[in-house]
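Below: the structure, in structure tokens.
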Amino acid sequence: MPQQLKFLPLITALTLIGCASTNPNSPTEQTYLSSATNNLRANQPRVALEATTQALKLNSNNYQAYYLQAQAYQQLGESLNATTNYQQALKLNSSNVEVITSYANFLCANQDYVSAETQYAKAYQFGKQYNVGWEQTASDHGDCLSQQNKLNLAIESYQIAINGANKPASAYLGLSYVYIMQQDFIHAAYSISQYPGEDTPQSLRLKIAAYDGLAKNPNVNAKNKSILKTKTAAFKSKLAKLEPARSSKKAPAIKPLAAINHSNSNTDAIVINNTQPTSQAHAAVKLASPAQKTQSIQNKTVTAQKAVATTSKTTATKKATAKPKTFANRIQKNTHGRHYIVVEPGDTLFKLAQQSKLTETKLTQLNKLKTKNVPLDTRLYLD
């Protein structure tokens, strides 16, 4: 037998193995990553974990796989594993703005606010350096500050986000929510009116609270009050169509802050004697130092706070004499048997999750929330 023929079986076998290993039908890293992403969106974290494990078998240095694993563990409430995977993802890609911001949000949700501030500052720095994602970082940072009830700082972060080129819709929702918490319905109405996304239950509830609050302002003339009530009724009607199982609730009581003028030239125009909140671009660097931010804005809303104090004595007296409610006493049941509470001042998603023995993720899913900000006087379902 010729010498070269002796190796023919071996060559044929190696060729077949090579073909099998490069089978175009074999799943790729990207296939597994896409599967993990879709399963996370469908709230299937364990399936997502399986997909990321397969992706890591193909490439153990794939930072995206570790990032998706961190999110899967976060959905499962396994904080230690989530932390490990976030840190591994950042070890492989230390300047990825999306991963750093997500890690900051995770730390904030776990009340590790000091570490969260460090990560927000880092994400913002890289975002500005590469001109990518910094607006969303600022908006998410505002959510974290709002969760801590640092409302003035939250306002500044939301404004920084809105002043960017890529204005995140979540910043308008968060900003409006914070103004409603401060009973500043003028700025709340302005902020939510600028919301760029399609109407959702959350955006509609914010509009209802803001416009209803304005309508109860004693400085609003009859014409403008009628316009506001008409708009509020339209929002409630739209909300009822989006959420037929929910009944409308009254907006929180108004504490007037400023006079509202009317326009003689347009029967459907409401002229508010306030300007849009603004912030200078350089103020964004204050994200790195909460202490410096506090000093820079501590007098920012003194006038508004004084106005609230002088026009809400009756409400304050009633609140002082009211008996405190326990969380259990706040739970109500609708006609379909679902349990819920009505969001009150001082409530945060984290606090409500602790009191209800549910996770923030579960509450977000039950109520289809887009951010961690839950508007006042709305129903938050517990099952």
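The lone criterion from (1) at pLDDT below 80; (2) open to solvent by less than 20 Å² (accessible area, probe 1.4 Å) left unmet by LEU352 is number (1).
Specify the residue that is nearest to ALA65 (Cα to Cα); the eligible residues are those in segment 86-133 that are β-branched (Val, Ile, Thr) and in contact (Cβ under 8 Å) with a residue 24 or more places away in the chain. I'd like the intermediate steps shown before the answer.
From segment 86-133, those β-branched (Val, Ile, Thr) are 97, 99-101, 114, 118, 132; that's our starting set.
Going one step further and asking which of them are in contact (Cβ under 8 Å) with a residue 24 or more places away in the chain, we end up with 97, 99-101, 132.
Details: VAL97: 16, VAL99: 11, ILE100: 15, THR101: 17, VAL132: 21 Å.
By that ranking, first place goes to VAL99.
Is it the case that GLN136 is more than 17 Å from PRO168 (Cβ to Cβ) and within 15 Å of the chain's Cα centre (by Cα)?
Working: more than 17 Å from PRO168 (Cβ to Cβ): no; within 15 Å of the chain's Cα centre (by Cα): yes.
Spelling it out, it is not the case that GLN136 is more than 17 Å from PRO168 (Cβ to Cβ) and within 15 Å of the chain's Cα centre (by Cα).
For the residues ASN105, ASN81, ASN85, the requirement of being part of a helix (DSSP H, G or I), in contact with a Leu (Cβ under 9 Å, 6 or more places away or on another chain) and of a type outside the set (A, V, I, L, M, F, W, C) singles out ASN85.
Taking the condition hydroxyl-bearing (Ser, Thr, Tyr) and out of contact with any helix residue (DSSP H, G or I) (no Cβ under 6 Å at 6 or more places or on another chain), does THR326 pass? Please lay out each step first, then the result.
Numbers: hydroxyl-bearing (Ser, Thr, Tyr): yes; out of contact with any helix residue (DSSP H, G or I) (no Cβ under 6 Å at 6 or more places or on another chain): yes.
Against the criterion (hydroxyl-bearing (Ser, Thr, Tyr) and out of contact with any helix residue (DSSP H, G or I) (no Cβ under 6 Å at 6 or more places or on another chain)), THR326 qualifies.
Of all residues in segment 332-376, those that are touching a residue at least 12 places away in the same chain (Cβ under 8 Å) and assigned to a loop (DSSP other than H, G, I, E, B) total 20. Count of segment 122-167 residues, restricted to those that are more than 27 Å from GLY346 (Cα to Cα), of a type outside the set (Gly, Ala, Ser) and not in a helix (DSSP H, G or I), is 5. For segment 355-380, a tally of residues being farther than 17 Å from VAL178 by Cα and either out of contact with any strand residue (DSSP E or B) (no Cβ under 6 Å at 6 or more places or on another chain) or surrounded by fewer than 17 Cβ atoms within 10 Å (Cβ to Cβ) (or both) returns 13.
Hey, among LEU90, LEU68, LEU49, which residue is at pLDDT 95 or above, surrounded by 13 or more Cβ atoms within 10 Å (Cβ to Cβ), touching a Ser or Thr at 6+ places or on another chain (Cβ under 9 Å) and in a helix (DSSP H, G or I)?
Details: LEU90 fails: touching a Ser or Thr at 6+ places or on another chain (Cβ under 9 Å); LEU49 fails: touching a Ser or Thr at 6+ places or on another chain (Cβ under 9 Å).
Just a single option satisfies the conditions, and that option is LEU68.
Condition (residue is over 16 Å from ALA121 (Cβ atoms) and either open to solvent by 30 Å² or more (accessible area, probe 1.4 Å) or within 12 Å of the chain's Cα centre (by Cα) (or both)) applied to segment 155-163: is it met by at least one residue? Yes, the conditions are met somewhere in segment 155-163.
Set side by side, the residues ASP112, ASP143 differ, and just one is open to solvent by 10 Å² or more (accessible area, probe 1.4 Å), acidic (Asp, Glu) and in contact with a Ser or Thr (Cβ under 7 Å, 6 or more places away or on another chain), which is ASP143.
The values are calculated or read from the model by the stated rules, or taken from the named source; none is laboratory data. This structure is a prediction, so every number in the text was calculated from the model and none was measured. Backbone-built Cβ (ideal geometry, glycine too); neighbour counts: all protein chains shown. Surface areas here come from the heavy atoms of the whole protein model, side chains and all, with no ligands, DNA or RNA. Shrake-Rupley method; radii C 1.70, N 1.55, O 1.52, S 1.80 Å.
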